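The values are calculated or read from the model by the stated rules, or taken from the named source; none is laboratory data. This structure is a prediction, so every number in the text was calculated from the model and none was measured. Don't worry about glycine lacking a Cβ; one is built from the backbone with ideal geometry, like all the others, and counts go over all protein chains shown. These area figures cover heavy atoms from the full protein model, side chains too; ligands, DNA and RNA do not enter into them. Shrake-Rupley method; radii C 1.70, N 1.55, O 1.52, S 1.80 Å.
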Amino acid sequence: MGAAEKARPVGTGRTIRSSLVHPTWGITAEAARKYRERGVWLEGKHWWYDPVGRVVYCVSAIDEWLESTR
């Protein structure tokens, strides 16, 4: 995969790792994994891999998703 294919969206806001998903939104890491696997949270929008291969979550995108599900 080339550098252009790995480019991340610009201006999507702060990101957090899975260990902070529960304190931030009250969602377990397991639930977050299921949202990713089932396509509820989209790669490149709600989450992506950081340069060392860990999953990170976009706070602003998930906040918007949570507001839209109310």
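Scanning region 51-70 for residues that are in a loop (DSSP other than H, G, I, E, B) and touching a residue at least 24 places away in the same chain (Cβ under 8 Å) yields a single hit, ARG54. Regarding GLU43, is this residue of a type in the set (Asp, Glu), at pLDDT 95 or above, at negative phi and open to solvent by 60 Å² or more (accessible area, probe 1.4 Å)? It is true that GLU43 is of a type in the set (Asp, Glu), at pLDDT 95 or above, at negative phi and open to solvent by 60 Å² or more (accessible area, probe 1.4 Å). Being part of a loop (DSSP other than H, G, I, E, B), open to solvent by less than 50 Å² (accessible area, probe 1.4 Å) and touching a residue at least 12 places away in the same chain (Cβ under 8 Å) is not true of TRP48.
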